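Just below is one structure, and these are the notes that go with it.
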Amino acid sequence: MQFDISVATTWILFISLFPIAFFWLRRAWRIAVKRDFSDVALKRGESPADPQKYAPYAAAINLLAGVVVVSVIAGVLTASYDYATWSAMAGVTIWLKLIADFILSRHAHPFNFKKKT
């Protein structure tokens, strides 16, 4: 049996979906149910002035991405998706989640064009 890098990367992607889904769904739970806004729209580790304002958006982003990743996991385990489909779904979901979090954090921390004295 020869080592094939594509098989290794496929397994790495699939196995990494489990902790990704766990952390995203846990984050949605903490924001929506426990009302913990410490992870909402962080920019350089700092919360925005009013994190409650952005909490529904952060919860929705995390919940949607987590549900999509769980459905990808279920689709792979039940052989509903072929490799091209599930890897595309997982990759696009990961990238869109990162981009949506970035946009939300930048929207929550607007630019301050005043001169610093």
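Restricting segment 56-94 to residues that are of a type in the set (Ser, Thr, Tyr) and surrounded by 13 or more Cβ atoms within 10 Å (Cβ to Cβ), the residue that is nearest to Phe37 (Cα to Cα) is Tyr57.
Would you be able to say whether some residue in segment 10-25 is in a helix (DSSP H, G or I), in contact with a Ser or Thr (Cβ under 8 Å, 6 or more places away or on another chain) and either of a type in the set (Ser, Thr, Tyr) or at pLDDT 90 or above (or both)? Yes; the residues of segment 10-25 include at least one that is in a helix (DSSP H, G or I), in contact with a Ser or Thr (Cβ under 8 Å, 6 or more places away or on another chain) and either of a type in the set (Ser, Thr, Tyr) or at pLDDT 90 or above (or both). Within segment 60-84, residues that are within 20 Å of Trp29 (Cβ to Cβ) have Cβ atoms under 8 Å from residues that are surrounded by fewer than 17 Cβ atoms within 10 Å (Cβ to Cβ) and among the hydroxyl-bearing types (Ser, Thr, Tyr) in these pairs: Ala74/Ser80, counting only partners at least 6 apart in sequence or on another chain. Is one or more of the residues making up segment 34-55 within 23 Å of His109 (Cβ to Cβ), of a type in the set (S, T, N, Q) and surrounded by fewer than 17 Cβ atoms within 10 Å (Cβ to Cβ)? Looking for residues that are within 23 Å of His109 (Cβ to Cβ), of a type in the set (S, T, N, Q) and surrounded by fewer than 17 Cβ atoms within 10 Å (Cβ to Cβ), one finds at least one in segment 34-55, hence yes. Taken over segment 53-68, the criterion of being touching a Phe, Trp or Tyr at 6+ places or on another chain (Cβ under 7 Å) and under 16 Å from Leu13 (Cα atoms) is satisfied by Ala65, Gly66.
If a residue has to be in contact with a helix residue (DSSP H, G or I) (Cβ under 7 Å, 6 or more places away or on another chain), more than 18 Å from Phe23 (Cβ to Cβ) and of a type in the set (S, T, N, Q) to count, how many in segment 58-117 make the cut? Qualifying residue count, segment 58-117: 1. For segment 86-98, the condition holds for no residue, the condition being that it is polar (S, T, N, Q) and without any contact (Cβ under 8 Å) to a residue 12 or more places away in the chain.
The values are calculated or read from the model by the stated rules, or taken from the named source; none is laboratory data. Bear in mind that the values here come from a model prediction, so they are computed numbers and not experimental data. Note that each Cβ is placed from the backbone with ideal geometry, even for glycine, and that neighbours are counted across all protein chains shown.
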